[in-house]
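> My questions will all concern the structure given below.
The values are calculated or read from the model by the stated rules, or taken from the named source; none is laboratory data. Nothing here was measured: the structure is a model prediction, and the numbers come from that model. Cβ placement follows ideal geometry from the backbone for every residue including glycine, while neighbour counts extend to all protein chains displayed.
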Amino acid sequence: MDLPGAVLFACTQNSIRSPMAEAILKHLHGRRIYVDSAGVHSREVDGFAIAAMDEIGIDISGHRPKTFEDLEDSSFDVIISLSPEAQHHAVEMTRTMACEVEFWNIFDPSIIEGGRETRLTAYRQVRDALEKKILQRFPLGPAPQV
């Protein structure tokens, strides 16, 4: 399967789901794919998202949230929206750019209430769901022959 050259992950605030997805895809495929993320709005990266990603060895603490308007490069092969609000903006972008738009309805873990462990569990579930979908959509190539 051919990998796209450029992928944009989009969600509502670019503070949880899209930064997680961006970091996971970069971690799996390195520089083989240009990956970015954006939100309809921007909010500082969520502390629980940082903690959940840190558990799998990926640091997103340096992520700088941005909106669709803040994107330096607006040419993508695939836009994956992770919230209904982002899906609307992604479809709008296709009016001026030929690209594929996919909607992955990923739960927003920030709506979970409760103690730290309860909330962190919700973020872990989102992280794991994203990783599973990313591996399905952008599979790793065959292992190098030894």
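> Suppose the filter is in a helix (DSSP H, G or I), under 16 Å from the mean Cα position of the chain (by Cα) and exposed (fewer than 15 other Cβ atoms within 10 Å of the Cβ); does Gln136 pass it?
On the way: in a helix (DSSP H, G or I): yes; under 16 Å from the mean Cα position of the chain (by Cα): yes; exposed (fewer than 15 other Cβ atoms within 10 Å of the Cβ): yes.
Answer is yes for this residue.
> Looking at segment 20-58, which of its residues are at positive phi and modelled with pLDDT under 95?
Scanning segment 20-58 gives a single hit, Gly30.
> Here is a follow-up. Filtering segment 90-112 down to residues that are within 18 Å of Ser15 (Cβ to Cβ) and among the small types (Gly, Ala, Ser), which residue is modelled with the lowest pLDDT?
This residue is Ala90.
> For a quick check of your reading of the model, give me the residue pairs whose first member lies in segment 113-134 and is at pLDDT 95 or above, whose second is of a type in the set (Asp, Glu) and crowded, with 18+ Cβ neighbours inside 10 Å, with beta-carbon atoms closer than 9 Å and at least 6 apart or on different chains.
Tyr123/Asp46
> Select from segment 84-101 the residues that are surrounded by fewer than 15 Cβ atoms within 10 Å (Cβ to Cβ) and within 21 Å of Leu3 (Cβ to Cβ) and list them in ascending order.
Thr94, Met97, Ala98, Glu100
> Any idea which residue in segment 103-112 is surrounded by the fewest Cβ atoms within 10 Å (Cβ to Cβ), counting only those that are without any contact (Cβ under 8 Å) to a residue 60 or more places away in the chain and either touching a Lys or Arg at 6+ places or on another chain (Cβ under 8 Å) or in a helix (DSSP H, G or I) (or both)?
Ile111
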